[in-house]
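Written below as structure tokens is the structure these notes are about.
Every number here is computed from the coordinates shown, using simple stated rules; none is lab data. For clarity, every value in this text was computed on a predicted model and none was experimentally measured. No Cβ is skipped: glycine too gets one built from the backbone with ideal geometry, and neighbour counts run over all protein chains shown.
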Amino acid sequence: MTSFDETPLDNPVWYALTEHQGHVAVDYGGVKFYHPDYAPFGAFIPGGHTSEAIEKHAQLIRDFFIVGDRPQMPEQFKAPVQYIGLQMIVYENIDHPVTETIIELTDANYDDLIRLIKLVYPEYFKSKTQKLGQYYGIYKGGQLVAAAGERMQTHNFIEISAIITHPDYTGKSYATQLITHTADRIFKKGKIPFLHVDETNTNAIRLYLKLGFKTRRRFSFWKISV
């Protein structure tokens, strides 16, 4: 597989909003956020005035995250809450059979996707998150029971995100097949898949390692609440 400079993965939100997804960025100079309709994440580079940017962005969205180093906060704000995530990456196609029918989700599937998201993943998925990339799903009996898709994108890397299975349909390898399928589609675009996972989600981490993902680094997600 073609190798790329991985520097953008050291600050994935910033590079996504600079390289490929600038059209959905709210730019405060050295601090950038996704527009609140798309994602609740922001990031900064050295010299970025996070205190001013956070104060302004808080007028657009109530709860959001800075990904990376701890930001300097406005005096009147509560201290941010730190969550630790692992950034994981895979460099080769995943060797796992795909036996289910997986479809690309479109606007026609939007309500089904949102209904599934609200069960387990509501905080990070916003009204237009699905427009950041391609999303895929598995239907059973006319019901969307599992989904996965693409979120942060730089020139050479695409994040796999929103890996969800309905609680009544777990244990059927739907998530594994969707990850395999999504990663394959990313490789076919000439890009490399990566993902983020909370370090306490040991079951998911175990699955990703089994599929060939490697832990690249730890990341801090700083939750800011107005």
Q: For residues that are under 17 Å from Ser127 (Cα atoms) and free of Cβ contacts under 8 Å to residues at least 60 places away in the same chain, scanning just region 43-74, find the one that is surrounded by the most Cβ atoms within 10 Å (Cβ to Cβ).
A: Ile61
Q.
Return the residues of region 182-224 that are aromatic (Phe, Trp, Tyr), outside any helix (DSSP H, G or I) and more than 30 Å from Arg62 (Cβ to Cβ); say none if nothing qualifies.
A. Phe213
**Q.** Residues (part of a helix (DSSP H, G or I) and either free of Cβ contacts under 8 Å to residues at least 24 places away in the same chain or farther than 21 Å from Phe219 by Cβ (or both)) located in region 1-17
**A.** Thr7
